[in-house]
Amino acid sequence: TPTPTPTPTVNPLIQSHIYVANENNSFTQCDINESGLDETSCKTFTTTGSGALSYPIGVAVDSNQHLFISNFGDNGITQCNLDSLGNVDPASCLTSTISTNLNPEGMAIYNGNLYIANNYTSSNLALSCSLAPTGINIGSCMTLSSTNVNNTIRAEDIVFDNYHAFLTDYQYGYIQCN
């Protein structure tokens, strides 16, 4: 008998909200309902202090009710807590600088890790950081690099299927990693 294809699990927070990083150092949360995007529900947030955004680009949501925002301007990741309905608590946002050789853009969560596309010109295509119930574990972050690509790769986004990672690059299109 054929092996059944696993049914993907979708984070229920993602089903009810969409989060958008805005280049003006803010992010927007909108509700999604049966009809689609409810534009009247959209709220824009800015963060200050240790959670301040700096040219945010990418967003990801984990299963432990955390919103992650990549900050291209300060080489960091901002983590915000979500309530049980998926609403953002802006006062909970904290930014951590990961590396000076990282220009974080798109992000994806796969297999318990947060993957961050690196738009810094190097052979370091992305960063992988483990996730804990409390959020990102900065000390666990490691670079994912390749000797099979030239050093002008500038990854902009990252997605996964069941077998591969795919990174988009502004110059070469995309890169498939096994």
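Being open to solvent by 60 Å² or more (accessible area, probe 1.4 Å), over 28 Å from Asp161 (Cα atoms), at pLDDT below 90 and of a type outside the set (Asp, Glu) holds for only one residue in Gly49, Gly73, and it is Gly49.
Would you mind stating whether Ile57 is out of contact with any Asp or Glu (no Cβ under 6 Å at 6 or more places or on another chain) and closer than 21 Å to Asp169 by Cα? Against the criterion (out of contact with any Asp or Glu (no Cβ under 6 Å at 6 or more places or on another chain) and closer than 21 Å to Asp169 by Cα), Ile57 does not qualify.
The strands (runs of 3 or more DSSP E) located wholly in segment 30-110 that include 2 or more residues which are touching a Pro at 6+ places or on another chain (Cβ under 9 Å) occupy 56-61, 66-71, 76-82. Report, by residue number, each residue of segment 99-118 that is at negative phi, surrounded by fewer than 21 Cβ atoms within 10 Å (Cβ to Cβ) and within 15 Å of the chain's Cα centre (by Cα). Selection gives Ala108, Ile109, Tyr110, Asn113.
The values are calculated or read from the model by the stated rules, or taken from the named source; none is laboratory data. This is a predicted model, so every value here is computed, not measured. Don't worry about glycine lacking a Cβ; one is built from the backbone with ideal geometry, like all the others, and counts go over all protein chains shown. Note: areas computed on protein heavy atoms with side chains; ligands, DNA, RNA excluded. Shrake-Rupley method; radii C 1.70, N 1.55, O 1.52, S 1.80 Å.
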